[in-house]
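To keep things clear, I will list the structure first and then write my remarks on it.
The values are calculated or read from the model by the stated rules, or taken from the named source; none is laboratory data. Model, not experiment: these values are computed from the prediction. Cβ atoms come from the backbone with ideal geometry, glycine included; neighbour counts cover every protein chain shown. Ligands, DNA and RNA are stripped out before the accessible areas are found, and what is left, the full protein with its side chains, is counted by its heavy atoms. Shrake-Rupley method; radii C 1.70, N 1.55, O 1.52, S 1.80 Å.
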Amino acid sequence: MVMIAGYDHFVQLAESLQWDETELDLGPDREAWPRLGDDEAATVRGLVAGFCIAEASVAGQLGSYQSAAADDTMQAAFRAQARDEARHARFFDLVAEVVLQVPGDSPAARQDVLRRDVSAELVDLFEHRLPATARRLAEDHSGLTGAVGLYHMVIEGVVLLAGQHAMLHALEGLSSPLPGLRRGTELVLRDERWHIGFGSRVVQSAELGGEEADALLEQGETASKVWGRLITDDAIALAVKQHRRRLKAAGIKFW
Ligand SMILES: [Fe+2]
Ligand SMILES: [Fe+2]
């Protein structure tokens, strides 16, 4: 039942996909921003706000996952992922600061302002539920599969992926394009794909009970709604469908 090949190829993949958020030119985005209509700006701002909060949170939680890793290759993959998440957090914060001109002299100060633009459920998921799961994992390493289920399958596989697709969709139809934000979002999405692949592999190597599997499915359905009106019902339905398919592909059976 154990997957012996390890997780090295995820580490190599991560290495080949590195990018630098400071090399993206946000100048055109900054010029275009004041020209956007109110509704356009509100949608992009809500999504950027969600990502500022989400990426800062996920970046901070991977330490517990690294210590609970089953072997060195898995630990190295969590470490590579942590590097990506920190970059994602810096990228969205840079967009908030430079393009949206959100006031505040630090990422935390800007997040305080941006918290008003997202639902209480989103804040609760990222700032309470995920940290609580990581804390439990730090105390009891046997909870790794469930913790990866929440982080990689539910949060990344459903919430963040749906948000990134919604962002790309919103950016496509703008009256004034935001090319730096679009390019950065595409690069974030590319990173998230290997994170989700890695998480699926961790979950696949474990044997989940039917109850745990059902909980993962249910969590995905609930979590997909945290974006509120920023994401359409169709996009939510698609995210949940893909989540179910990914869980099945990881060999998870539902009751
Ligand atoms: Fe991320
Ligand atoms: Fe990620």
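Which one is nearest to ALA14 (Cα to Cα) among residues in region 90-103 that are open to solvent by less than 20 Å² (accessible area, probe 1.4 Å) and either touching a Phe, Trp or Tyr at 6+ places or on another chain (Cβ under 8 Å) or within 11 Å of ligand 2 (Cβ to nearest atom) (or both)? Among those that are open to solvent by less than 20 Å² (accessible area, probe 1.4 Å) and either touching a Phe, Trp or Tyr at 6+ places or on another chain (Cβ under 8 Å) or within 11 Å of ligand 2 (Cβ to nearest atom) (or both), it is PHE92.
Evaluate the following for ASP38: is it open to solvent by 40 Å² or more (accessible area, probe 1.4 Å), without any contact (Cβ under 8 Å) to a residue 60 or more places away in the chain and among the charged types (D, E, K, R)? I'd like the intermediate steps shown before the answer.
Details: open to solvent by 40 Å² or more (accessible area, probe 1.4 Å): yes; without any contact (Cβ under 8 Å) to a residue 60 or more places away in the chain: yes; among the charged types (D, E, K, R): yes.
Yes.
Residue-level check: of (1) within 14 Å of ligand 2 (Cβ to nearest atom); (2) open to solvent by 30 Å² or more (accessible area, probe 1.4 Å), GLU172 misses just (1).
Table: residues versus (1) surrounded by fewer than 17 Cβ atoms within 10 Å (Cβ to Cβ); (2) more than 24 Å from ALA82 (Cβ to Cβ); (3) at pLDDT below 95; (4) polar (S, T, N, Q).
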residue: GLY184; (1), (2), (3), (4): no, no, no, no
residue: VAL188; (1), (2), (3), (4): no, no, no, no
residue: ARG201; (1), (2), (3), (4): no, no, yes, no
residue: ALA206; (1), (2), (3), (4): no, no, yes, no
residue: GLY209; (1), (2), (3), (4): yes, yes, yes, no
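Restricting attention to region 151-160, does a residue exist that is over 19 Å from GLU121 (Cα atoms), more than 11 Å from ligand 2 (Cβ to nearest atom) and in contact (Cβ under 8 Å) with a residue 12 or more places away in the chain? No, region 151-160 has no match at all.
Test GLY63 against the criterion of being open to solvent by 30 Å² or more (accessible area, probe 1.4 Å) and either touching a Leu at 6+ places or on another chain (Cβ under 8 Å) or away from ligand 1 (no atom under 14 Å from the Cβ) (or both), and give yes or no. I'd like the intermediate steps shown before the answer.
On the way: open to solvent by 30 Å² or more (accessible area, probe 1.4 Å): yes; either touching a Leu at 6+ places or on another chain (Cβ under 8 Å) or away from ligand 1 (no atom under 14 Å from the Cβ) (or both): yes.
It is true that GLY63 is open to solvent by 30 Å² or more (accessible area, probe 1.4 Å) and either touching a Leu at 6+ places or on another chain (Cβ under 8 Å) or away from ligand 1 (no atom under 14 Å from the Cβ) (or both).
For region 226-255, the set of residues classified as β-branched (Val, Ile, Thr) and in a loop (DSSP other than H, G, I, E, B) consists of VAL226, ILE231, THR232, ILE252, listed by residue number. Inclusion of GLY180 among residues that are over 20 Å from SER57 (Cβ atoms) and surrounded by 22 or more Cβ atoms within 10 Å (Cβ to Cβ) is warranted.
Considering every residue within region 150-166, establish whether at least one is among the acidic types (Asp, Glu), surrounded by fewer than 21 Cβ atoms within 10 Å (Cβ to Cβ) and either out of contact with any strand residue (DSSP E or B) (no Cβ under 6 Å at 6 or more places or on another chain) or under 27 Å from THR73 (Cβ atoms) (or both). No, because not a single residue in region 150-166 is among the acidic types (Asp, Glu), surrounded by fewer than 21 Cβ atoms within 10 Å (Cβ to Cβ) and either out of contact with any strand residue (DSSP E or B) (no Cβ under 6 Å at 6 or more places or on another chain) or under 27 Å from THR73 (Cβ atoms) (or both).
Residues of region 91-109 that are more than 16 Å from ligand 1 (Cβ to nearest atom), in contact (Cβ under 8 Å) with a residue 60 or more places away in the chain and either in a helix (DSSP H, G or I) or among the small types (Gly, Ala, Ser) (or both): VAL98, VAL99. Of the listed requirements (1) acidic (Asp, Glu); (2) away from ligand 2 (no atom under 16 Å from the Cβ); (3) over 18 Å from LEU144 (Cα atoms), ASP71 misses just one: (3).
For region 175-194, what are the residues that are within 16 Å of ligand 2 (Cβ to nearest atom) and under 17 Å from VAL95 (Cα atoms)?
Within region 175-194, the subset within 16 Å of ligand 2 (Cβ to nearest atom) is 184-194.
Within region 175-194, GLY184, THR185, GLU186, LEU187, VAL188, LEU189 meet the criteria.
Whenever a residue of region 164-188 is farther than 14 Å from VAL99 by Cα, its partners that are open to solvent by less than 60 Å² (accessible area, probe 1.4 Å) and charged (D, E, K, R), lying with C-beta atoms within less than 6 angstrom and at least six residues away or across chains, give the pairs LEU174/GLU40. Scanning region 102-126 for residues that are touching a helix residue (DSSP H, G or I) at 6+ places or on another chain (Cβ under 8 Å) and under 12 Å from VAL48 (Cβ atoms) yields VAL102, ARG110, GLN111, LEU114, ASP117, VAL118. Give the residues of region 124-143 that are surrounded by 12 or more Cβ atoms within 10 Å (Cβ to Cβ) and farther than 19 Å from SER57 by Cβ, sorted by residue number. Matches in region 124-143: HIS141 only.
Could you check region 5-90 for helices (runs of 4 or more DSSP H) lying wholly inside it with 3 or more residues that are at pLDDT below 95? Give the derivation first.
On the way: elements: 8-16, 27-32, 38-68.
Per the criteria, 8-16, 38-68.
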